[in-house]
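K.L.:
Shown below is the structure under consideration.
The values are calculated or read from the model by the stated rules, or taken from the named source; none is laboratory data. Predicted, not measured: the structure shown is a model, and the values here were computed from it. Every residue, glycine among them, receives a Cβ derived from its backbone with ideal geometry; neighbour counts consider all protein chains shown. SASA here: full protein model, heavy atoms, side chains in, ligands and nucleic acids out. Shrake-Rupley method; radii C 1.70, N 1.55, O 1.52, S 1.80 Å.
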Amino acid sequence: MEAALSLLVGLFVASAIYLILSRALVRVLLGIVLLGNGVNLLIFVAGRLTRGAPPIVPKGANVPAGAFANPLPQALILTAIVIGFALFAFLAVLAFRAYQAMDADDTDHMRLAEPEAQPQPPLEY
Amino acid sequence: MNTLIFRTTAPIIAVVTCTFSLILLLRGHNDPGGGFIAGLLAASAAIVLGMALGVGTVRRLLRVNPIAIAGAGVLLAAASGAVSAFAGAPYLTGLWLPLHVFGTPGLFDIGVYLTVFGTVTAIALALEDGGEGA
Amino acid sequence: MATHATPLADWLVILPVLLCLGGGALLLVLRRAPAWQPWLCLAILFGVLAVDGLLLARILASGPVSMTMGRWLPPFGISFTADAMGVLFATMSALVAVAVVLSLLGEAPESAVRDGVYPLLLLLMAGVGGAFLTGDLFNLYVWFEVMLIASFGLVVLAGNPLQLDAAVKYGIVNLVATTLFLMALGLLYGALGTLNMADIIGAAGKADRLVLTVIAGLFALAFAIKAAVFPVNAWLPASYHTPPAPISALLGGVLTKVGVYALLRVLALLPTERAMLSPAITAVAIATMLLGPLSAIAETNLRRAVGFLLIGGIGIAITGAATAGAVPGAIVYVGQSILVMAALYLVAGLIERATGTTDTREMGGLYAASSRLSIMFFALVLAIAGVPPFLGFWPKLLLLQGLIGAGDWLLALSLLLSSLLTLIAGARLWSFVFWHPRHAPLLRPPSYAPAILLVGTVLLLGVAPNLLIGIGMVAAHDLADPARYVVAVGLAP
């Protein structure tokens, strides 16, 4: 099962990189979402896959009964999802504003901060 | 989005969603549930209202700017962890009232609820608004 | 569960983060009272500076300080662990933040205050403080993201199209970097089963070396993007010159250094893997330290040129990750570079305000109008290049001693060449800005006080570097021999 999921992680990351290398900003954003999901899956697989009950301590006990799933990777993934969600929301607003301001979603046309025809500096002191 | 059916049912949906979010928040005290998903649910109520009645109406209904709500949430969550300084315990140690009726983890959860609700609502309203005031 | 009582003094470890986070949240609540915001922000930052100072004194006296959250036992709970390196950088960053708020006081546009420049600044400082003080790698990732969100907000502040363009590039590249960081974290957890820094030191010996080397390489790539190391540095000159100058100073002075800090810290946890990666890091360090100042020579936008000088400095700083002998010099270098680069951005901002342009070819003649600006700029150029009585000289001396002691002549010669190129680039900028004939009238210059505060500190530390060097030595010792660090966290060495 780990091998299959690892291949899936590779597929996620490969597609994400393909999308991020695109010039269209929307595709780049989708690529980032995909990359985040691939990495979350990677953490999940890295934490080992165990068949077991949810790690919830029953009433009156100190430890969960029987075999239980490793809760730490899930906590890490949950944190990463929350953070990734916040950042993606911000980037989505940003891309929308940039589209409004520059009328471009093609990164080749976003050259305000780095003008294309950079002048040469003077050669003398 | 501007049909009569949607405009009529949206407030009802919002009320039900808000109530359910409060239940989830309180249930998170000892069972699955908690501040984060409850906050998301409450924010979705605001989003539905924003789609049906307009962003201005939602902002008026909220009275307080959602960003300020998020700030209050962070403040509450950070402060709930600092209570343990008086008990000689490290930051974020859970402290409970007698009989475990309520404790600092509950305060922390309410802080998370407010933070998530405020942030998500602010971003969603800004997007519904057409990107103004984000 | 830990049962012993936690002394209140241990709270010093968490207080810098707590003050910034709580303060930032308070300012969000008080967004209707913009007149109060700068003063409250300033008071909080002075508090953070005081706490950092106390923490530094305590660490120098009795070694690293640690606190594990929520009474959990160390490798399971999230530890905050402060050692000399982290606290030195945190102190310098807090000092820079104070100067930045002082310079925002006079010139922050009303729209920037309404968009929340002060809460964002405090949120950024919470992230920076957390990154420097945490003892847990996943927690480090969380603080990286906090910094990222706050810095996005600061870059787009006031929101002209130039800044939006910059923020898109800054945001996407940095988000990819933190995602790579997260990927490395997941793999490291899979290999070691722990993410507590002190625990990693012990666990790393038992794992597969090849796997750990790949993971260390992934960490190095992620932090190299954050630090703007050569092949992955293009986002920095594309973005750092667009926000208001004080914000540039904060980002340029502090944020890239967090990347360098993380690189030094994580590779110090995996010393065998660092040795394996050393040739690659040496190559990119040399490329970065030479190409930075060379690009600055070819640049006509003042703050972009400063950005390239900053990149050159990053190349020098990461030699500490290439060779163990260079660690003391690298730590002192990063510590002073936080101050010097922030000061240079502030002074560059003042120059742009006084001349009304960002193009160095259209500046000129400022010498006659403002000798104070020219002296400050010149002193900072000398400090970056490392001319003797100035601050940059001391870490470069330590670096040279370490590199030559380790027989690493290639790095040592590149360091010297990089210093020469930096001096040439800085001197050219100075002569364009201050000496060339003036064609347009000068504008009213804003307040010099914050820049003078930073430049004064730089000059003072330059003539009295013993304290800084002493802290750097302690920090390097703790990094090379982590026994004290591990014991402070509460694990068996």
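K.L.:
With all protein chains present, how much of the accessible area of region C:8-489 (probe radius 1.4 Å) comes from carbon and sulfur, to the nearest whole percent?
P.N.:
Values: 10510 of 14590 Å².
Percent of accessible area from carbon and sulfur atoms in region C:8-489: 72.
K.L.:
Follow-up. Leaving ligands and nucleic acids out of the surface, order C:D359, C:D52 by accessible area at 1.4 Å, largest first. Write out the running numbers ahead of the final one.
P.N.:
Details: C:D359 25, C:D52 0 Å².
Listed by decreasing accessible area, they come as C:D359, C:D52.
K.L.:
Compute the accessible area of each residue in region C:189-216 twice, once for its chain alone and once with every protein chain present, using a 1.4 Å probe on heavy atoms, and list those whose area falls by at least 40 Å².
P.N.:
Those residues are C:Y189, C:G190.
K.L.:
A further question on this structure: Can you put C:W394, B:W96 in order of accessible area, largest first, using a 1.4 Å probe? Could the numbers behind the result be given before it?
P.N.:
Details: C:W394 65, B:W96 105 Å².
Largest accessible area first, the residues go B:W96, C:W394.
K.L.:
Give the B-A buried accessible area in Å², both sides summed, 1.4 Å probe, nearest 100. Please list the in-between numbers first.
P.N.:
Numbers: alone 7870 and 9740 Å², together 16850 Å².
Counting protein atoms only, the buried area is about 800 Å².
K.L.:
Can you count the Lys pairs in chain C with C-alpha separation below 24 Å, eight or more apart or on different chains? It would help to have the intermediate numbers written out before the result.
P.N.:
On the way: C:K169/C:K226; C:K169/C:K257; C:K226/C:K257; C:K226/C:K396; C:K257/C:K396.
Counting lysine pairs in chain C gives 5.
K.L.:
C:K206 to C:E362: extension gain in nm, 0.36 nm per residue of separation minus the Cα-Cα distance?
P.N.:
Details: separation 156, 0.36 × 156 = 56.16 nm, distance 6.11 nm.
So the chain would gain 50.1 nm between C:K206 and C:E362.
K.L.:
For the protein assembly as shown, with only Lys/Arg (+1) and Asp/Glu (-1) charged at the beta-carbon, what is the dipole magnitude about the Cα centre, in debye rounded to 20? If you can, show how the numbers build up before the last one.
P.N.:
Numbers: 34 positive and 32 negative charges, 133 e Å.
In total the dipole reaches around 640 debye.
K.L.:
Which residues of region C:140-161 show a drop of at least 40 Å² in accessible area when all protein chains are present, compared with their chain alone (probe radius 1.4 Å, heavy atoms only, ligands and nucleic acids excluded)?
P.N.:
Buried by the other chains: C:I149, C:F152, C:P161.
K.L.:
What is the spin-label model distance, in nm, from A:D108 to C:A61 if the labels are put 7 Å beyond Cα along the C-beta direction?
P.N.:
So the label points at A:D108 and C:A61 sit 6.4 nm apart.
K.L.:
I need the calculated FRET efficiency for the pair C:I375 and C:M276, taking r as the beta carbon distance and R₀ as 56 Å, to the nearest 0.05.
P.N.:
Working: r = 47 Å, r/R0 = 0.84.
With a Förster radius of 56 Å, E is 0.75.
K.L.:
Just to be sure I understand the model, the point goes 7 Å from the Cα along the line to the Cβ. What's the resulting A:A14 to C:L40 distance in nm?
P.N.:
5.3 nm
K.L.:
Rounded to the nearest 10 Å², what accessible area does B:S44 show when all protein chains are kept and the probe is 1.4 Å?
P.N.:
40 Å²
K.L.:
Along the charge dipole of region B:4-128, Cβ charges K/R +1 and D/E -1, which of B:L53, B:A68, B:A38 sits furthest on the positive end?
P.N.:
B:L53
K.L.:
Size of the dipole of chain A about the Cα centre, Lys and Arg at +1 and Asp and Glu at -1 on the beta carbon, nothing else charged, in debye to 20?
P.N.:
Working: 7 positive and 8 negative charges, 179 e Å.
Dipole size: approximately 860 debye.
K.L.:
How far apart, in nm, are two points set 7 Å out from the Cα along the Cα-to-Cβ line at C:S447 and at A:R48?
P.N.:
Taking the two extended label points, one gets 5.9 nm.
K.L.:
Please tell me the relative contact order of chain C in percent, rounded to the nearest whole number, where contacts are Cα pairs under 8 Å and at least six residues apart.
P.N.:
Numbers: 867 pairs, mean separation 80.9, N = 493.
Contact order relative to length: 16 percent.
K.L.:
Averaged over its residues, how many other protein chain Cβ atoms are within 10 Å of peptide A:29-42's Cβ atoms? Write out the running numbers ahead of the final one.
P.N.:
Working: counts 4, 0, 2, 5, 0, 0, 6, 6, 0, 2, 10, 4, 1, 6.
That average works out to 3.
K.L.:
What percent do you get for the relative contact order of chain A when only Cα pairs under 8 Å and 6+ apart count? Walk me through the numbers before you get to the answer.
P.N.:
Values: 112 pairs, mean separation 28.5, N = 125.
Relative contact order here is 23 percent.
K.L.:
For helix B:66-82, what angle does its Cα long axis make with the longest principal axis of chain B, in degrees from 0 to 90 and rounded to 10?
P.N.:
Taking Cα atoms only, the helix is inclined about 10 degrees.
K.L.:
Here's something else I'd like to know. Multiplying the sequence separation of B:L61 and B:V101 by 0.36 nm and subtracting their Cα-Cα distance, what value in nm do you get?
P.N.:
Working: separation 40, 0.36 × 40 = 14.40 nm, distance 3.22 nm.
Value of the extension gain: 11.2 nm.
K.L.:
Treating the beta-carbon of each Lys and Arg as +1 and of each Asp and Glu as -1, no other charges, what is the dipole magnitude of region B:4-128 about its Cα centre, to the nearest 20 debye? Kindly include the intermediate steps, with their values, before the conclusion.
P.N.:
Details: 5 positive and 3 negative charges, 70 e Å.
Taking the Cα centre of region B:4-128 as origin, the dipole is about 340 debye.
K.L.:
Given axes a ≥ b ≥ c from the Cα gyration tensor, I'd like to know whether region B:4-128 is rounded (a/c under 1.5), prolate (a/b larger than b/c) or oblate.
P.N.:
On the way: a/c = 3.62, a/b = 1.99, b/c = 1.82.
Prolate.
K.L.:
In Å² (nearest 100), what accessible area is buried between C and A, both sides summed, heavy protein atoms only, 1.4 Å probe?
P.N.:
Details: alone 18100 and 9740 Å², together 24090 Å².
Summing both chains' loss of accessible area gives about 3800 Å².
K.L.:
Counting only protein heavy atoms, what percent of the accessible surface of chain A is carbon or sulfur at a 1.4 Å probe? Display every interim value, and only then the final one.
P.N.:
Details: 4930 of 7450 Å².
Taking all protein chains in place, chain A shows 66 percent carbon and sulfur surface.
K.L.:
At 1.4 Å probe size, with every protein chain present, just tell me what the per residue accessible area of region B:4-128 comes to in Å².
P.N.:
Numbers: 6040 Å² over 125 residues.
With all protein chains present, region B:4-128 gives 48 Å² per residue.
K.L.:
Using a 1.4 angstrom probe on heavy atoms only, work out the carbon and sulfur share of the accessible area of region B:4-128 in %.
P.N.:
Carbon and sulfur: 76 percent of the exposed surface of region B:4-128.
K.L.:
Residues of region C:14-39 that become at least 40 Å² less accessible with every protein chain present than in their own chain isolated, using 1.4 Å: which are they?
P.N.:
C:L18, C:A25, C:L28, C:V29, C:R31
K.L.:
Find the sum over both chains of the accessible area lost when B and C are paired, probe 1.4 Å, and report it in Å² to the nearest 100.
P.N.:
On the way: alone 7870 and 18100 Å², together 24430 Å².
Separately minus together, B and C give about 1500 Å² buried.
K.L.:
Averaged per residue, what accessible area in Å² does region C:8-489 show with a 1.4 Å probe, protein chains only?
P.N.:
Values: 14590 Å² over 482 residues.
I get 30 Å² per residue for region C:8-489.
K.L.:
Is region C:17-147 rounded, prolate or oblate when judged by the Cα gyration tensor, a ≥ b ≥ c being the square roots of its eigenvalues, rounded requiring a/c under 1.5 and prolate requiring a/b larger than b/c? Please list the in-between numbers first.
P.N.:
Details: a/c = 2.54, a/b = 1.75, b/c = 1.45.
Prolate shape, in that a/c is at least 1.5 and a/b is the bigger ratio.
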